Structures are given as structure tokens and as C-alpha cells.
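*Asks:* Quick one: the structure is below, questions incoming.
Quick note: the coordinates plus some simple rules give every number you see, no bench work behind them. All values derive from a computational prediction rather than experimental measurement. Reconstructed Cβ throughout: ideal geometry from the backbone, glycine too, with neighbour counts over all protein chains shown.
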Amino acid sequence: MSEKRIFISYRRDDVPGYVARLEDDLEKEFGEHTVFRDVEDIAGGTEWKEAIDSNLKSSTVLVLVIGQHWSRIWKERQDDPVNHVALELQRAHELGVPIIPITMNGGTLDPGLDLGDVAWLRGKQMYDISDRQGRWQHDLRGLVALLERMPGLNRRGPLPPEPIKSKAWPWFILAGLVMGVIVFGLMSGRNASQDAGDQDHRADDSEPVNEILVSEDKQVAGGTAAQADREYSSPPIAGKWVSVNDGTLYVVESIDSQRFYISSPGYGNGEGEFIPGMPRKFRITMEGVGYGEYSLSNTNDKVMGWFVESDSGDKVYETLTRLK
């Protein structure tokens, strides 16, 4: 394992999804294991103060992530004896580790916020990074340019694309082709059977298509579950997804043609399964977090749905987009 060079300081309740995404992108630029992030890198049972101190001593720079909730959380935990961020900032300052504060998606330091022993933070130049209006890659390049100037931090360039782990993708492609052939055959047969008196109706594309769909639904309803599974194959879901709502990152890996694993750094793990007879709709369960139901877009790059949190019972509607 290579020595860590970039120390990310952040509030877990502030922007966990975006921090995971930032860590992933920075490691693509500077190499694997070059980023330290406490939720991933402090082993269970480790003295956290010692772990923070040790990693700061081997770090070239500390990147402080300030999201939209950072100031509120600082106020709530100002007198908390276990204040990781305050300790990280104080120790980095003592060790002479350069600090780059970045504001995430418009996050700011409240003007009246009492920063106590780290009041010098206000004198630091803030760098803004956001995924709004497609800015993420542009802002990331700017941050990488800043980090490149740090002594001992060498950019290695982005890593090659990760190989597709799931073997289910070819089956999805094949299923799509088969469905296309079936629909084309049904449409051709229906058009051939209509008489000349229905020519005006044939000119209206919506009516024949609707009749075909109804016909297919009746066949599935009257057939066996195995027949329904053959007609409705789930689309490709494996990959990395990010929530538009809060930036949480999700990594999805296929188990088989219907089920898949879900993992989210700093959030939790779970499983999902496509709903039989509804090829683009699926349900998920996140362990100890909650459950939800979503639909995948026809372009396979967007997911929309709802999620119910176990603790509060709140139902949240959200949208996720696929990371390329």
C-alpha cells in the first residue's frame, strides 16, 4: 500500500456522498490509496486521535470539505470533546500541513460562526466545487491543478476504466434484441391482417401499438411465471450511481439477471430486485436504513423513485444519475 498524501477532513452528516465521490476521483488522478478519509481508513478499535495524528504527519495537504450543513453541525458540536474536525484542523496547523478549504455545492462559513482555536481558517482562500449545471469535472480539474503544486504529490493521470464485473450484461443486450424482434413480428402481423377499410386507423401509430401492448399483457397474464420472466428481462443496472438530492454514491453489482448488490461508502449496504412483469421497476432494501421502489429510465442513465427511512418513517423522493 502506498503512503497517503491527501487528507480529507469533513463532517459525516454534511456531504458523505460527495466526499466519497471526491475521494474516488482524486485517487484516479493521484493513484490508489493516496487519500485518507476517516470513515474508510480508521480500523475498528483504533485510537482515533493517534490515527488522525499519524496520517496527518504523512500527508502533504489537508482538504477541508465545507457543505451546506457544516456551519450548523459545527455549532452543535462546538463543545463536544470528540470533535474530529476541530482536532484535524488544529493538528494540521501545528504540523504545518497546508490546508485547502473547499465549499461543496455552495456551502459557506456563517459570518458569525465562532471558530474558536481555528479562527485563522477564515483567512484561507476557499475553492468551490459543485455538480450543479455539469460543473463537477471542470471544478475537479481546478482542484487537481492546486494539489499538483504541493511538494511530494505527483499526479499519475486517471486510471483506465474498470472492467465490467458482472456477466449479466450480455444477457441484457441479447434480451433487448429478442424483445425487439418479437415486437416487430407482432406489429407486422397485425398490420398485415387489417383490411383496407381500416386504412385511416393504420395511419394512426398509437392505436396499433396500444393493441399490441394489450395483447402482450393478456398473454403474460394467462401464461406461467416462467413465460413472464422470458418476456420481461431486466435492463443493465450495474455501475456507479449518485443521488441528485444529496450526492450519496451507490455502487451496484449484479447477482443474477434479476437481483443486485448495493453498497454506499459511509451509508450502508443492501440488495435490490427487479419486479417481475415490470422490466424497469425494482425494489431495494438497505440494511438498517430503509427500503424503496425505483424505476430505471429507457436510456439506462437515470433512476427515480422513493425511499422510506426505517427510523423516522419519512418517505423521500429522489433521483439518481449514472456516473460514467
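*Asks:* Find, among the trypsin sites (Lys or Arg not before Pro) in the stretch 64-149, those assigned to loop by DSSP (not H, G, I, E, B) with at most 14 other beta-carbon atoms within 10 angstrom.
*Replies:* K124, R135, R149
*Asks:* Can you tell me the FRET efficiency between E273 and Q68 if r is taken as the Cβ-Cβ distance and R0 is 41 Å, rounded to the nearest 0.05?
*Replies:* According to the calculation, E is roughly 0.75.
*Asks:* If you don't mind, there's one more thing I want to ask. Hey, which of these cross-link pairs are over 19 Å Cα-Cα: K57/K124; K281/K302; K240/K302?
*Replies:* K57/K124
*Asks:* Something else about it: Using r as the Cβ-Cβ distance of S263 and R156, and R0 as 22 Å, what FRET efficiency do you calculate, to the nearest 0.05?
*Replies:* Here the calculated transfer efficiency is 0.30.
*Asks:* Let me ask something additional. Could you work out how much longer the chain between T299 and A119 gets when fully extended? Use 0.36 nm per residue separation minus the Cα distance between them, nm to one decimal.
*Replies:* Between T299 and A119, full extension yields an extra 59.9 nm.
*Asks:* Within the stretch 258-324, list the GluC sites (Glu not before Pro) lying in a DSSP loop whose Cβ has at most 15 other Cβ atoms in a 10 Å radius.
*Replies:* When the GluC sites (Glu not before Pro) of the stretch 258-324 are filtered for loop state and at most 15 Cβ neighbours within 10 Å, E287 remain.
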